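This report concerns only the one structure given below.
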Amino acid sequence: MTRIESPKVVKKKLFSPIWLLPIVALVLGAWLGVKSIKESGIEIQVHFPSAIGIDVGKTLVKYQGLTVGKVTDISLDKDLSGVNVKIVMDYRSDPFLNKNTLFWLVTPKASITGIEGLDTLFSGNYIAIEPGDGSSTSEFIASTEAPSMIPNEEEGIVVKLTTPTLGSLDVGSLVFYRQVPVGKVVNYRLIDSDTIIISTFIEQQYAHLVNQNSQFWNVSGLKIDASLSGIKVNTESLASLLAGGISFNSDIKADKAITGDNYVLYPDEESAVKGVEFVLTADNADEINQGSALVYRGIEVGKIHQTQLTENGVKFSAKFDIEYQHLLNADSQFWVAGADISMDGVKHVSRLLTGSVVNVLPGVSDETLPEKFTLLEQSPDLLNDSKLKIQLSSDEHSGLTAGAEVRYKQMPIGEITRVTFTKDFSGVEYQVEILPEYKGLITTDSHFVSESALTIDASLDGVSVTTRDLNTVIAGAVSLVRGKTKALVRANSQFALYRSTDHATATLSKNSVTTLTLDSIDGAGLSDGSPIYYKKMQIGKVTEVNWNNKTDQFSISVAIQNKFSQLIRDNSVFWRNDAANINASLSGVEVNVAPLEGALKGSLSLGLLSDELIGNQQRLYDSKELALKQAQTITLVLPAEAKVAAKAAIRFQGHLIGVVQQVKLNQDLNTLTASAYLYGEYAGHFTKADTEYFIVDAQISLAGIKAPETLITGPYIGVIPGKVSDAIDTFEAHLSARYDADIEDDALTLILEDSQLGSIKVGTPIFFRGISIGQVDGYTLSDNGNKVLMYSHIEKQYTHLVNQSSRFWDASGIKLEVGIFSGAQIETGSLETLLSGGISVVTEDVTSEQNKLSDNSRFDLYNKMKEEWRRWQPEQVKP
């Protein structure tokens, strides 16, 4: 029976995946279209006065070096007032295309202040843009010049200067502080018919120099001031002379300036510097004119700026410098002072040329200053008061202030009235008034010492602590140390102010010591104050240690107390002391320790040679041994590969004659300079001009070890004494001695010739019947290079064994001859010649006057012994 299956009904899908492809393509096309429209650029129009320097398709628009657009078209304006330039801007610049956005053409421009647009020489002109605010627009008018670029606050501050005239200032003119460029002018503009505002930028690192009390003045050009005082030519710098410039001062106590602060720009420094202006009147101006100085106690505190004729006489406009304005009070007095010519001489002779000055006597009144002061023709009686006025000077400020007491044995006898710099600013000057009843304490050899509130004196003897009263802590004090003479001083006499009693003692004692200078290879560990001993008793000290960069030597200044000056004799010598000296030998160990102060500071010793010997009082020796042996210094120049070190010995035929003190590598890196000592008893032989120095080092070969002691002690310096009479102190040392250095004068010298050197070397022995009678001393090539010349010698006792009939051959190594019929023949010498080589000699005839050899006779060196030579047996007779 046939089975019939029922049909299956399949529901058709409403959406096929194939439809995704056109949908994706549609979305992608739409996105690309939108992106193309968005990035197609923004077209704007900029109006320029002319199209010079602008090219279609070439001229770019840049913002801070980044290209943001390009010129696409140029057309004339309708009213022919310029050209309209069409530019396609990058779509991302849309937020910056606002009403106040600026466009300008950048072209090369050179001026005194610098060069602008230098990059356009290579890339061509371009249009620059500076984004602005306002509403969005597509039409702009180009600026005729670049706008001023005001730096931001991170780069510095911008202050504004007000002036009636611009002078030679321009954008880019420098701003100076003490002639150091610290900023520049970035902009200026005319506010009204009388006022110009100059925007000045100060770099951040110098911004702290500008404060609320700073004054600015113009330093452009050249200022020439000619008067009786001389001719002054002043300019800030070459840059300010050409391009103009501005300078300013600073008050560290005032608040710092910030961006936007306003200042006045003065025409010159004299007008800018603050001070107190006042008026002086006189009947005439015979001795005073414009530029005359106002002087107080020899210090210029101000100046006369202007003279003017009035109905009653002459009016002077004067000005006190700001730092001295406290000297001007209601009862201050002024008088004319010129050169003082008398029988005692001429005082203030410079005023004969520069003119008179106006002396100032400060007042004490707190009342308001009068409208004018009267200029007196002579000093007022107030100057002739009973107090003694003197001046103290010091290299540095000791903390003393006006009102500090001047004391004698801790009793006040006067006070300091004023503290100021010396006229040349090299030190500090103190004005002092001594009470009338104590004038007699001040004599010409008195001196003054600054007191400390707390003094701690720590030494090997103990610790001493000294304190003073509260007044000394607050204002300081000065102590008088009376002199031994009775000569009184005049008013305004000058005295030195010492910082301590020790300082005063050291300075004043310089006249009671004997001084001399010692030369040393090094600083010897010394410093100011290092003691000098004689038989372990201190007799002086080191006062100064200086280094001379030209000679690389040290000069040490020493002072010997006068009571020990008789120790400075012709046989005196000086040497450096070691902190501890240990001498160990089979007989025991000796330890010598320097005094504690000398061990800490370094020290010297003075010693005396025998009366018949002459010492060197200009040399500081490195040790007592060198000093007593009267060592003489020499300088050796060695090759850089030399291994000589400090303390290396200098020897002559094994005998110690000196020592190397110091070795250093020279700047050329090819040589060494060694400073060395020769013991005095040998120095005369080894300082002659033809003296030869060389390095002795171990040489290991099959023949043995040469100079084996240097394997332990290290290389040393060998020397061959000279014969000429001229003496020098600088020598060139070689890596080895010359080949004939060790040859005795009566030895016989020979020259052996061969085509090859073979195993021959310096020191190769020469054998006669197996006994060494000489050696090879050196070798070189002949002039034409065809032969090797071997310089050799025969010892004196064997010279009769060689003559013109002698033959020499190389007996080194093993010689093997193999023949077909003769077989193998092996020839060898002794074990010594087998290992280290050797030369053999045989002589045919007896030595006589006819065949006797002279020095430097030449022989061929054969490579082997000939058979007939074996039969030579002359009966030599030793002479």
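The values are calculated or read from the model by the stated rules, or taken from the named source; none is laboratory data. Everything numeric here is computed off the predicted structure, so don't read it as measured data. Virtual Cβ from ideal backbone geometry, glycine too; neighbours counted across all protein chains shown.
Can you find a residue that is modelled with pLDDT of 85 or more, over 27 Å from Ser610 (Cβ atoms), among the β-branched types (Val, Ile, Thr) and in a strand (DSSP E or B) anywhere in the stretch 550-573? There is no residue in the stretch 550-573 that is modelled with pLDDT of 85 or more, over 27 Å from Ser610 (Cβ atoms), among the β-branched types (Val, Ile, Thr) and in a strand (DSSP E or B). Candidates in the stretch 513-553 are the residues that are of a type in the set (S, T, N, Q) and in contact with a Lys or Arg (Cβ under 9 Å, 6 or more places away or on another chain); of these, the one that is surrounded by the most Cβ atoms within 10 Å (Cβ to Cβ) is Ser530.
Taking the condition at pLDDT below 85 and surrounded by fewer than 14 Cβ atoms within 10 Å (Cβ to Cβ), does Gln667 pass?
Taking the combined requirement at face value, the residue satisfies it.
For the stretch 240-283, the set of residues classified as of a type in the set (S, T, N, Q), loosely packed, with under 14 Cβ neighbours inside 10 Å and at pLDDT below 80 consists of Ser271 only.
Out of contact with any Ser or Thr (no Cβ under 7 Å at 6 or more places or on another chain), surrounded by 12 or more Cβ atoms within 10 Å (Cβ to Cβ), modelled with pLDDT under 85 and more than 30 Å from Ile198 (Cα to Cα), is that true of Ser93? Judged against the criteria, Ser93 is a match.
Taking the stated definitions as given, is Leu328 farther than 22 Å from Asn492 by Cα and in contact (Cβ under 8 Å) with a residue 40 or more places away in the chain? So Leu328 does not fit the description; no.
His793 meets all of the listed conditions (1) in contact with a Lys or Arg (Cβ under 6 Å, 6 or more places away or on another chain); (2) modelled with pLDDT of 80 or more but one, namely (1). Selection of the stretch 207-225 for residues being touching a Lys or Arg at 6+ places or on another chain (Cβ under 9 Å), in a loop (DSSP other than H, G, I, E, B) and over 13 Å from Lys160 (Cβ atoms) yields Gln212, Asn213, Gln215.
So that you can scan it fast, the table gives a plain yes or no per residue for (1) at pLDDT below 85; (2) within 35 Å of the chain's Cα centre (by Cα):
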position: Val159; (1), (2): no, no
position: Phe176; (1), (2): no, yes
position: Asp192; (1), (2): yes, no
position: Phe216; (1), (2): no, yes
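The residues on offer are Thr137, Thr113, Thr101, and the sole one that is at pLDDT below 85 and assigned by TED's automatic domain parsing to the domain that holds Glu43 is Thr113. One residue stands out in the stretch 727-748 among those that are modelled with pLDDT of 80 or more and assigned to a loop (DSSP other than H, G, I, E, B): the one that is surrounded by the most Cβ atoms within 10 Å (Cβ to Cβ), namely Ala747.
Considering only residues in the stretch 597-627 that are farther than 21 Å from Gln566 by Cα, of a type in the set (Gly, Ala, Ser) and surrounded by fewer than 21 Cβ atoms within 10 Å (Cβ to Cβ), the one that is modelled with the lowest pLDDT turns out to be Ala599. You will find that of Ile37, Ile42, the residue that is β-branched (Val, Ile, Thr) and at pLDDT 70 or above is Ile42 and no other. Taking each residue of the stretch 499-516 that is closer than 13 Å to Ala559 by Cβ and looking for partners that are of a type in the set (Phe, Trp, Tyr) and modelled with pLDDT of 75 or more with beta-carbon atoms closer than 8 Å, six or more apart or interchain, yields Thr507/Tyr498. Filtered by the rule that a residue be at pLDDT below 85 and farther than 19 Å from Trp869 by Cα, the stretch 757-770 gives Leu757, Gly758, Ser759, Ile760, Lys761, Val762, Gly763, Thr764. Of the strands (runs of 3 or more DSSP E) lying entirely inside the stretch 432-514, those carrying at least 1 residues that are at pLDDT 85 or above are 447-451, 477-481, 493-498.
Identify all residues within the stretch 297-312 that are surrounded by 15 or more Cβ atoms within 10 Å (Cβ to Cβ) and in contact with a Ser or Thr (Cβ under 9 Å, 6 or more places away or on another chain); write none if there are none. Residues satisfying the conditions are Arg297, Ile299, Lys303, Ile304, His305, Thr307.
Taking the stretch 185-206 as the region of interest, how many residues are buried (at least 20 other Cβ atoms within 10 Å of the Cβ) and either outside any strand (DSSP E or B) or without any contact (Cβ under 8 Å) to a residue 60 or more places away in the chain (or both)? Let's see the steps before the verdict.
Looking only at the stretch 185-206, we keep the residues that are buried (at least 20 other Cβ atoms within 10 Å of the Cβ), and these are 185, 198, 200-202.
Narrowing the set further to residues that are either outside any strand (DSSP E or B) or without any contact (Cβ under 8 Å) to a residue 60 or more places away in the chain (or both) leaves 200-202.
Result for the stretch 185-206: 3.
With the structure loaded, tell me whether Ser237 is at pLDDT 85 or above, assigned by TED's automatic domain parsing to the domain that holds Gly172 and touching a Phe, Trp or Tyr at 6+ places or on another chain (Cβ under 9 Å) or whether it fails that test. Against the criterion (at pLDDT 85 or above, assigned by TED's automatic domain parsing to the domain that holds Gly172 and touching a Phe, Trp or Tyr at 6+ places or on another chain (Cβ under 9 Å)), Ser237 does not qualify. For the stretch 749-774, a residue qualifies if it is crowded, with 19+ Cβ neighbours inside 10 Å and free of Cβ contacts under 8 Å to residues at least 40 places away in the same chain, and exactly one does: Gly774.
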